[in-house]
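Novice: Please see the structure below; I have some questions.
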């Protein structure tokens, strides 16, 4: 009877060890999966921010090109320009705010592009008068 009790106790100990080992391995796998998902989510956020930044750059560039076109076509030194609203293919708007002022013989033009939370700007100085 003693031998049977010892075998039964050994079997119970082995089953308990298997459960502990299984829970430990599952815990490690879960920790690795959570770490990988946290890194991937951070990368996705960075990519989304870069995309928003690029759209803001395009909006600022469009505003600058528009201001330079207005100056050359209308032969004026300081154009008075409203903000541009540019709608992309997904229906979202980006805004280019163009600011211009004349001081010291030059016209300074600053175009600020905005898309979601990203703001990007370009600035140029143009001599007064028609460059042609």
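The values are calculated or read from the model by the stated rules, or taken from the named source; none is laboratory data. Just so you know, these numbers come straight off a predicted model, no measurement behind them. Positions of Cβ are generated from backbone atoms using ideal geometry, with glycine treated the same way; all protein chains shown enter the neighbour counts.
Novice: Among (1) modelled with pLDDT of 80 or more; (2) buried (at least 17 other Cβ atoms within 10 Å of the Cβ); (3) over 30 Å from residue 51 (Cβ atoms), which single condition is residue 114 missing?
Specialist: (3)
Novice: Give the residue, chosen from 23, 36, that is in a helix (DSSP H, G or I), more than 28 Å from the chain's Cα centre (by Cα) and at pLDDT 80 or above. Steps first, please.
Specialist: Working: 36 fails: more than 28 Å from the chain's Cα centre (by Cα).
That would be 23, the only listed residue that is in a helix (DSSP H, G or I), more than 28 Å from the chain's Cα centre (by Cα) and at pLDDT 80 or above.
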